[in-house]
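To start, the structure under review is shown below, and the notes come after it.
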């Protein structure tokens, strides 16, 4: 195992553990670079698909938590590959607004993360809408 893989896997395991405990914001504050780039699958109202900077990512996470009732969740992985890793997320949520407001649903997504200098510098999410 290379040093690069070892560092990414160590960070991946710690992020996965925090997410399993529902401490996603703590994972962001602890392991994300100030210059993080985050890419969602599409633009949303008032939220572009691509965001840069730790404050934007923290705000995006806070928005998600404020606008969804989370009934439970699972995190699988990490699945490492060099300086990157994937985590698989499955959540039972009820949106608090929008076309799915009040409708409990299962949401699944894959997150691909890139690590450099001991921090996550890029995250990209894969999921379907609707």
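Structure data summary
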| read-out | value |
| --- | --- |
| The range 53-130 - Debye-derived log10 I(q)/I(0), Cα point model, q = 0.12, 0.22, 0.27 Å⁻¹ | -0.41, -1.14, -1.32 |
| nm² value of the averaged projected area, convex hull over the Cα atoms of the chain | 7.3 nm² |
| Ellipticity estimate at 222 nm from DSSP helix runs (n ≥ 4, -39,500 (n - 2.57)) divided over the chain, nearest 500 | -9500 deg cm²/dmol |
| Using alpha-carbon coordinates, inclination of helix 54-66 to the longest axis of the chain, degrees | 40 degrees |
| Ranked 20, 50, 84, criterion: other C-beta atoms within 10 Å, fewest first | 50, 20, 84 |
| Where labels lie 7 Å past Cα in the beta-carbon direction, separation of residue 6 and residue 110 in nm | 2.8 nm |
| Contact order relative to length of the chain, as percent, for alpha carbon pairs under 8 angstrom and 6 or more apart | 26 percent |
| Net length gained if the chain between residue 34 and residue 81 were fully extended (0.36 nm per residue, minus Cα distance) | 14.6 nm |
| Helix 3-20 vs. the chain, principal-axis angle (Cα, 0 to 90°, nearest 10) | 30 degrees |
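All of the numbers you see were taken from the coordinates with simple rules; none came from a lab. Since we're looking at a predicted model, the values are computed, not measured. Here Cβ is always computed from backbone atoms with ideal geometry, including for glycine, and neighbour counts include all displayed protein chains.
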